[in-house]
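For reference, the structure is listed below as structure tokens.
The numbers here are math on the coordinates, done by the rules we state, and not lab data. Because the structure is predicted, anything quoted here is derived from the model rather than measured. Reconstructed Cβ throughout: ideal geometry from the backbone, glycine too, with neighbour counts over all protein chains shown.
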Amino acid sequence: MSDAPHIPPTIRRMTATLDMLALICRILTGIALVVLTVIFGWLVFGRYVLNATPTWVEQVALLLVMLIAFLGAAVGVHENTHLSVSVLRSAVAPRVRAVFVVVSDVIMAVFGGLMLWYGAQLTIFKWGSLIPLIQLPEGLRSLPLTIGGGLILLFSIGHLIRLFSGVDDRSDSIE
């Protein structure tokens, strides 16, 4: 976002907060990717060198993939790099694009809200049972869905607030 003096301080603080959340998500997904790589290295070493396959790796890997996928998708929405968000509206005329920008942000906000709501219900429902082999709550499998949905909702609302405040600087926003 540009540092033009016409941007209200509230919008600046909101944008800084959303940028910080996106940075935290990128850091967490990066760490998860490194951990995923290391544990698969341990799996291969255990299977072929020690002849003792660590059975917990698959369950932990599934949790990490969920984290990477849903936090990564939320960051994609925030940074306007998620292909499904921008491809259609980038292919139309500027006047139609202005409508598509608002419609896609609203749809993404609703989608994020639904992910948050139903993901939270699933997380609560599954929290009482344990994941086999690692003995962690089964609800951890759907927690990234819940968090990712909440972040998509927040990031989409942030886009809409900036858009209606006239300070949206996305490349495919209203020209």
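Some observations on this one:
- Entry note, the stretch 9-165: relative contact order of 28 percent, from Cα contacts under 8 Å with a spacing of 6+ residues.
- Amide H contacts for residue 130 (H built 1.01 Å from N in the peptide plane; partners 5 or more residues away or on another chain; cut-off under 5 Å): 138.
- Efficiency of FRET between residue 130 and residue 40 - r from beta-carbon atoms, R0 22 angstrom, step 0.05: 0.45
- Acute angle (nearest 10 degrees) that the helix 94-126 long axis makes with the longest principal axis of the chain, alpha-carbon atoms: 30
- On Cα atoms only, tilt of 9-48 relative to the major axis of the chain in degrees: 20
- Taking 120, 91, 32 in turn, the Gaussian network model of the chain (Cα-Cα springs below 10 Å) assigns the largest fluctuation to 91.
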